[in-house]
Amino acid sequence: MVVQSNLSTLNHCSSIETRKPATVLDSIPSINLKDPESKTHIMKACEEYGFFKVVNHSVPMEFIAKLEAQALEFFNLPQSEKDKAGPPDPFGYGSKRIGSNGDVGWIEYLLLNTNPQVTSLKTLTVFRETPEIFWSAVKEYIEAVKLMACEVLELIADGLKIEPRDTLSKLLKDENSDSCFRLNHYPPCPELQALSGRDLVGFGEHTDPQIISVLRSNSTSGLQICLKDGVWVSVPPDETSFFINVGDALQVMTNGRFKSVRHRVLANSHRSRVSMIYFGGPPLSEKIVPLTSLMGKQEESLYKEFTWWEYKTSAYKSRLADYRLGLFEKKTHQVQAIE
């Protein structure tokens, strides 16, 4: 995709930040799903980072390659053609504007509903405007990644000694699961060199509201996560593996034992970045509360009781960087958000 831009366009359309050199995180937890001890390693990663890499997974590489090719074909269409699938409601095609509350980034994207039980006119529009091969690639990829996400959640259940072990995964398997899928394209931005020590934000810092997110990107860098001490670190790309994010809902369900990871994406001056993310969410009516089996006799919930619909509605009204869980914490147990 050829991107025509100038500095005034960048300042108007995207967020520019003073650069604070980010450390490259060499020790990202890497979980081999075939390792008999994988549940132990996942537990440690969720507690320490809220984030880890999955290798030796079951998602066919041909599914990944086919979907990435189809995504690039869509993003390389003339702007007038892509705009037929927008503006997002929140599903559909979007460019630069992220949500409806003023957040912007150097990005274009497709957000798709994954639940056939829920009709999204914009999702249907996307598939009307694209060939059947695109729709086929999306469906087979989501099906494979969802299976892997459920496998990870069952390993988490094993590590937490939750019975039955599908307590978490069944929420994604439910026919009313409120999951979604996002294809992001971060075009190259040659003007970055003229910003003199500043970064162009592709997607601003945030946590994911759902239970779990499964991310895969091409070999272009840009993803950063925030550690417990507030330090931002760069995540080396790995196009053959997946990255798992703990979401806000899982943080609540573990009563804060796991922390949802704050993350962001910075633009690249020379290469485009393509990422695909499956967001595994529960049914809208599901109550999001700490799991009873994880609560000690004297342990109190850190959070008020709420449904996924209530939390999702609140999240859509917030800015990306807001600490969304703050509104749902019990005042006596409020957790300090990362600034």
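Taken together, the residues in segment 302-326 that are in a helix (DSSP H, G or I) and not aromatic (F, W, Y) amount to 8. The number of residues in segment 310-326 that are exposed (fewer than 15 other Cβ atoms within 10 Å of the Cβ) and over 15 Å from Q210 (Cα atoms) comes to 3.
Could you tell me whether segment 120-138 includes any residue that is assigned to a loop (DSSP other than H, G, I, E, B) and either open to solvent by 40 Å² or more (accessible area, probe 1.4 Å) or modelled with pLDDT of 95 or more (or both)? Quick ask: steps written out before the conclusion?
Restricting attention to segment 120-138, the residues satisfying the condition of being assigned to a loop (DSSP other than H, G, I, E, B) are 120, 129-131.
Filter once more, so that each one left must be either open to solvent by 40 Å² or more (accessible area, probe 1.4 Å) or modelled with pLDDT of 95 or more (or both): 129, 131.
Looking through segment 120-138, at least one residue is assigned to a loop (DSSP other than H, G, I, E, B) and either open to solvent by 40 Å² or more (accessible area, probe 1.4 Å) or modelled with pLDDT of 95 or more (or both).
Filtering segment 98-109 down to residues that are open to solvent by 20 Å² or more (accessible area, probe 1.4 Å) and within 17 Å of the chain's Cα centre (by Cα), which residue is modelled with the lowest pLDDT? Before you say what the answer is, go through the steps one by one.
Filtering segment 98-109 for residues open to solvent by 20 Å² or more (accessible area, probe 1.4 Å) gives 99-104.
Next, only the ones that are within 17 Å of the chain's Cα centre (by Cα) stay: 99, 103-104.
Values: G99: 84, D103: 90, V104: 89.
My answer is G99.
Hey, V55 hits all of (1) β-branched (V, I, T); (2) over 20 Å from the mean Cα position of the chain (by Cα); (3) at pLDDT 95 or above but one; which does it fall short on? Of (1) β-branched (V, I, T); (2) over 20 Å from the mean Cα position of the chain (by Cα); (3) at pLDDT 95 or above, only one is false for V55: (2).
Every residue, every condition in (1) part of a loop (DSSP other than H, G, I, E, B); (2) of a type outside the set (D, E), yes or no:
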| site | (1), (2) |
| --- | --- |
| H185 | no, yes |
| E191 | no, no |
| D199 | no, no |
| S221 | yes, yes |
| Q224 | no, yes |
| D229 | yes, no |
| V233 | no, yes |
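Answer yes or no as to whether S241 is open to solvent by less than 30 Å² (accessible area, probe 1.4 Å), among the polar types (S, T, N, Q) and out of contact with any strand residue (DSSP E or B) (no Cβ under 7 Å at 6 or more places or on another chain).
Numbers: open to solvent by less than 30 Å² (accessible area, probe 1.4 Å): yes; among the polar types (S, T, N, Q): yes; out of contact with any strand residue (DSSP E or B) (no Cβ under 7 Å at 6 or more places or on another chain): no.
In short, no.
Restricted to segment 252-298, and to residues there that are out of contact with any strand residue (DSSP E or B) (no Cβ under 9 Å at 6 or more places or on another chain) and within 14 Å of I156 (Cβ to Cβ), the residue that is most open to solvent (accessible area, probe 1.4 Å) is R257. Being modelled with pLDDT of 95 or more, in a helix (DSSP H, G or I) and more than 24 Å from S219 (Cα to Cα) is a property that does not hold for K66. Condition check for L325 on (1) touching a strand residue (DSSP E or B) at 6+ places or on another chain (Cβ under 7 Å); (2) closer than 30 Å to G202 by Cα; (3) aliphatic (A, V, I, L, M): one failure, at (1).
Return the residue satisfying two criteria in turn: it lies in segment 205-215 and is of a type outside the set (A, V, I, L, M, F, W, C) and open to solvent by 10 Å² or more (accessible area, probe 1.4 Å), and of such residues it is farthest from D174 (Cα to Cα). So that I can check it myself, show each step before the final result.
Going residue by residue through segment 205-215, those that are of a type outside the set (A, V, I, L, M, F, W, C) are 205-210, 213.
After this cut, where a residue has to be open to solvent by 10 Å² or more (accessible area, probe 1.4 Å) as well, the list is 205-207, 209-210.
Working: E205: 30, H206: 27, T207: 24, P209: 18, Q210: 15 Å.
Once the filter is applied, the top-ranked residue is E205.
Please determine, by comparing only the residues of segment 244-301 that are outside any loop (DSSP other than H, G, I, E, B) and of a type in the set (S, T, N, Q), which one is nearest to the chain's Cα centre (by Cα).
For segment 244-301, the residue satisfying everything is N245.
Among the residues that make up segment 229-238, is at least one of them open to solvent by less than 30 Å² (accessible area, probe 1.4 Å) and closer than 24 Å to D178 by Cα? Within segment 229-238 (the criterion being open to solvent by less than 30 Å² (accessible area, probe 1.4 Å) and closer than 24 Å to D178 by Cα), the answer is no, since none of the residues qualifies.
Among the residues of segment 214-273, those that are acidic (D, E) and in contact (Cβ under 8 Å) with a residue 12 or more places away in the chain comprise D238, E239, D248.
The values are calculated or read from the model by the stated rules, or taken from the named source; none is laboratory data. Keep in mind that this is a model prediction, so the values were computed, not measured. Positions of Cβ are generated from backbone atoms using ideal geometry, with glycine treated the same way; all protein chains shown enter the neighbour counts. In case anyone asks, the SASA skips ligands and DNA or RNA and just uses the protein heavy atoms, side chains included. Shrake-Rupley method; radii C 1.70, N 1.55, O 1.52, S 1.80 Å.
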